[in-house]
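Quick note: the coordinates plus some simple rules give every number you see, no bench work behind them. Keep in mind it's a predicted model, so treat the numbers as computed, not measured. Virtual Cβ from ideal backbone geometry, glycine too; neighbours counted across all protein chains shown.
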Protein chains: 2
Amino acid sequence: MNKNQPTRPDGTRDFSPEVMAKRNYILQTIRAVYQRYGFLPLETPAMENLDVLTGKYGDEGDQLIFKILNSGDFLKDLPADAVTSMGSKKMASKIAGKALRYDLTVPFARYVVMNRGTLTFPFKRYQIQPVWRGDRPQKGRYREFYQCDADVVGTDSLLCEAEIILMINEVLGKLGVQNFQVKINHRQILNGIAEAIGAMDKFSDICVGIDKLDKIGLDKVMQELADRGVSGESIAQLKPILAFEGNLQEKLTYLTTLFENSPNGQKGLADMRAITQMLNSFAQAKDFPTDLHIDFDLTLARGLSYYTGAIFEVKVEGVQVGSISGGGRYDDLTGAFGVPDLPGVGFSFGIDRLYDALEELNLFPAEATVATQILMIGFDEASFAYCLPYLYELRQAGFATELYPTVEKKIKKPMSYANNRGIPFAVLAGSDEMQVGEFSVKNMLSGEQQRVKAGELKTFFATK
Amino acid sequence: MNKNQPTRPDGTRDFSPEVMAKRNYILQTIRAVYQRYGFLPLETPAMENLDVLTGKYGDEGDQLIFKILNSGDFLKDLPADAVTSMGSKKMASKIAGKALRYDLTVPFARYVVMNRGTLTFPFKRYQIQPVWRGDRPQKGRYREFYQCDADVVGTDSLLCEAEIILMINEVLGKLGVQNFQVKINHRQILNGIAEAIGAMDKFSDICVGIDKLDKIGLDKVMQELADRGVSGESIAQLKPILAFEGNLQEKLTYLTTLFENSPNGQKGLADMRAITQMLNSFAQAKDFPTDLHIDFDLTLARGLSYYTGAIFEVKVEGVQVGSISGGGRYDDLTGAFGVPDLPGVGFSFGIDRLYDALEELNLFPAEATVATQILMIGFDEASFAYCLPYLYELRQAGFATELYPTVEKKIKKPMSYANNRGIPFAVLAGSDEMQVGEFSVKNMLSGEQQRVKAGELKTFFATK
């Protein structure tokens, strides 16, 4: 290998035309659903000022933010001994004033704050852009990946939550995914549970612990909670709650008793009932899906996030990938920027995981390719020129068409170009065809070949 | 203003929903044309390894590359006195191993080199992604902006050049731009001119000088060439050549004489003739445009770029913005990465300038908006619920529809939401409408209001 051989940074990817076509198929599907639900597109720059990002993702997150070196003589205001007197962390804040966005939520909050005087609330926006994180790259985890957010801010209406459930169903339905679960829970229900087991002061620990159930199992979570100071009595009470089985209605009934003395828990239950009721009204619609795949999951916690109301997570069954979508309600999007009390609710699709799931389930349709449909081939200078007006007309008629750019003595080269590129039809012209004003059209799949009058090419392909 | 008020980095922009809709209209138009011409989509990561980028854009360009600070303890291998002993430039190369892409060409070359074993050549790709440059921000010049490249590599067929001219015409035609010029020249013709005036050794200086004609005028360019050591005799010969007026054919004839003893110039002329000839063959097509807006411009040079063959630039008349598209043929895309002799030709649209041009010419169609089409409003809890199944059905029928998310006693709030958002229809439901299974539909523009049966809503809007 040449020593100049260039490389790509760890954890980043090139998207080849084949992959792009499939990704675009997913993104178009999501975009179309978002727009029909009234969400508007927004894009923010890749760079944000560093102070906009820091302090929003916890210490660990701050470490993963990619910082951009200041332009010009970035050392000019530093003391000569800065390497030893400052250390990397402090120096970074002096020599890097900008950083790559870490998620789409903080830039969105920044946008809302900067434009709050002119925005119409409730403001519904979607945003599909890459984000960057300095995580250690591993299978399925990248340093550049796309997020695909939809948020409504400026309302506490639970219609938003009901619509999120519908949007998830619609996107996955259109993508052909049949077996999935929209897990839903509510922060106030988790709050009520903490209250009911007498461990209100350990609410955060309980959320973080429960969040690991999937990965480490019930016993280890209980051990971890004990280690974090949750009492044996509380743990004993928590176990049957997390283990309770039943459908949505049965869980609601069970929790109603449990939350008799927990106003927080009752608020969570009231929200869950209201969301359910709205979905029941929606269900009067013609052709409404018979199953919304809702799983009221008391063990869903979504870690240390800023959510305060309903929380969501979507799992596709029968595939290796983790959750493909998640979100929830927050009551303070922009508080960190000095604008309090702007509630909202949002969710996001993980495009990479969704891609992997569709691949694993073999759900990409044949149309999810971008390929030239017709390759014209001229066997000599004259027939090359003869092709040109028809090339133009086929394109005008909407067919992605190419003319093999050189005249080749042997047909092998253009033919293997068509094969490698997956082009389904070759249109051949030599002196024979030209003389009678025709083309030979070859179906690359079947090998079948036939003559078509030049003037009838467009019509011929229109029926293919 | 709150002291926490967040800011956005200089030279970057947020794209609001209104702007996004117009940008998407432009990008969709370009994408559709590119695809019909057989170009396939490609995307590369925002970050490249720094050594992939440096040395490709000249010293000035290298200074403008945004470098990304290494993660973790980036100072750990530096000497204690690095601030004084190294200086910013040297230290940057030690503490920043990655950088943001500066254009789409170098990442494309890197991609081609890394995948040359599996790609089918000629490889035609298009790439629409942002690039970043640490230029001083000013009107119309941003630190993050989109490029929109299409390249064919692996062939020297002049069909590519002819097709670029057609693609530019098609994109601008579809966007409604009527007065524009596709300026075309050829590096070998410039070479021939240098040869003809006996200044072959000053070829680069001549290109750089000519490139400034637009900005500083003929006299100043001549002065600059003299300063750079071009002889008075050569300058005297150059002036009438650059001033020569005539159509394409007249210029070809004029140059044929001039290039009698210049093989380079003759090669350039032969290419120009071949391109013209192909366009004449294309013109046999039905509905072919009567004018391709070609301007064979001997003063087009495209500065110090790596072009070696035909070069292009597109100007829209009657607007302030500079050229909106440019490109040309190069014979060595990947030489810097140790893979020589891969020729190609490419061009790019400048989306920001094209946007400004369409805005200035008032050419954005009314459809270039993303807006909700219908706002439903429920006046009490019961009619709110009554709306839900119809909300679902309208969306299923393809209408971007929202239900105002809360029940408001006064109609003013939802109505001003509809007005501010530019939603053309409001569908109102109170107890009156509900009782008889109808809705009141209000045309927000005309103020006209009428009753529509609930089951006929979809049909009603289908005819609007």
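A compact table of results
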item: Cα gyration tensor category, rounded, prolate or oblate, for the stretch A:1-144 with a/c compared to 1.5; result: oblate
item: Where trypsin sites (Lys or Arg not before Pro) fall in DSSP loop in the stretch A:381-434, at most 16 other Cβ within 10 Å; result: A:LYS409, A:LYS410
item: Out-of-range pairs (alpha-carbon distance over 28 Å; input B:LYS183/B:LYS220; A:LYS89/A:LYS315; A:LYS56/A:LYS215); result: A:LYS89/A:LYS315
item: Span from the the stretch A:278-297 Cα centroid across to the the stretch B:349-370 one, whole angstrom; result: 42
item: Length added when fully stretched, B:GLN28-B:LYS286, from 0.36 nm per residue minus Cα-Cα; result: 90.4 nm
item: Shape category assigned to the stretch B:368-464 from the gyration tensor of Cα positions, a/c cut at 1.5; result: rounded
item: Contact order normalised by residue count of the stretch A:370-462, Cα under 8 Å, 6+ apart, percent; result: 31
item: Copy-to-copy label separations for B:GLY229, where each label sits 7 Å from Cα toward Cβ, in nm and ascending; result: 7.8
item: Sites B:LEU242 and B:LYS139, calculated FRET efficiency, Cβ-Cβ separation with R0 35 Å, nearest 0.05; result: 0.70
item: Sparse-neighbour loop sites [chymotrypsin sites (Phe, Trp or Tyr not before Pro); the stretch A:105-189; at most 15 other C-beta within 10 Å; DSSP]; result: none
item: Shielding score for B:69-79, defined as the mean number of other chain Cβ atoms within 10 Å; result: 6
item: Residue-averaged [θ]222 nm for chain B, counting only DSSP H segments that reach four residues, each worth -39500 (n - 2.57); result: -12500 deg cm²/dmol
item: Chain B shape via C-alpha gyration tensor axes, a/c threshold 1.5; result: prolate
item: Mean-position separation - Cα centroids, the stretch B:209-261 and the stretch A:96-113, in angstrom; result: 51
item: Mean separation of Cα contacts under 8 Å (6+ apart) over length of chain A, as relative contact order %; result: 15
item: Shortest-first nm distances, B:SER93 label point to equivalent points in other copies (7 Å, Cα→Cβ); result: 3.1
item: Residues B:LYS90 and A:ASP214, FRET efficiency given R0 of 35 Å [Cβ-Cβ distance, rounded to 0.05]; result: 0.10
item: Efficiency of FRET from Cβ geometry, A:SER231 and A:VAL407, R₀ 56 Å, rounded to 0.05; result: 0.10
item: At 7 Å out from Cα toward Cβ: B:GLU317 inter-copy label distances (nm, ascending); result: 6.7
item: Amide proton proximity set for B:HIS186, modelled H, under 5 Å, gap of 5+; result: B:ILE311
item: The stretch A:257-343, relative contact order in percent, only Cα pairs under 8 angstrom and at least six apart counted; result: 16
item: Other-chain or far-sequence residues with amide H under 5 Å of B:GLN147's (modelled H); result: B:GLN129, B:VAL131
